[in-house]
Amino acid sequence: MATRLPPRFVPTLTEVVHSGAAPLSPSAEAALSQEQLAQRVLQRVDLVLERRLREAMASVILEQTEALVPLLRERLEHTVRELVAAAVAEEMAARQR
């Protein structure tokens, strides 16, 4: 396998060259800072809103679950009574034969 010699000159970037863009005017700087401010405010509002929404949803879900417990208990009791009554009736009918 032949070894390859590296090139004598390897270009490297030693400094950052900016394009000849004009400096921002004071109104453009103010608009930029207003945009940054708006973004920061929106981020904070978003975080707080998400947390409060979760808390509100958890509260509503808990209230609804607590309201459902008596209804579920009543329906379960009714179902168990029907099943036990049917099982007893079938057993009594089987003994009479």
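Among the candidates GLU35, GLU15, GLU29, GLU74, single out the residue that is at pLDDT 95 or above and either of a type in the set (Val, Ile, Thr) or out of contact with any strand residue (DSSP E or B) (no Cβ under 7 Å at 6 or more places or on another chain) (or both).
Answer to the selection: GLU74.
Among (1) under 38 Å from the mean Cα position of the chain (by Cα); (2) loosely packed, with under 10 Cβ neighbours inside 10 Å, where does MET92 come up short?
With (1) under 38 Å from the mean Cα position of the chain (by Cα); (2) loosely packed, with under 10 Cβ neighbours inside 10 Å applied to MET92, the lone miss is (1).
The values are calculated or read from the model by the stated rules, or taken from the named source; none is laboratory data. Here the structure is a predicted model, which means the values were calculated and not measured. Positions of Cβ are backbone-derived with ideal geometry, glycine not excepted, and every protein chain shown enters the neighbour counts.
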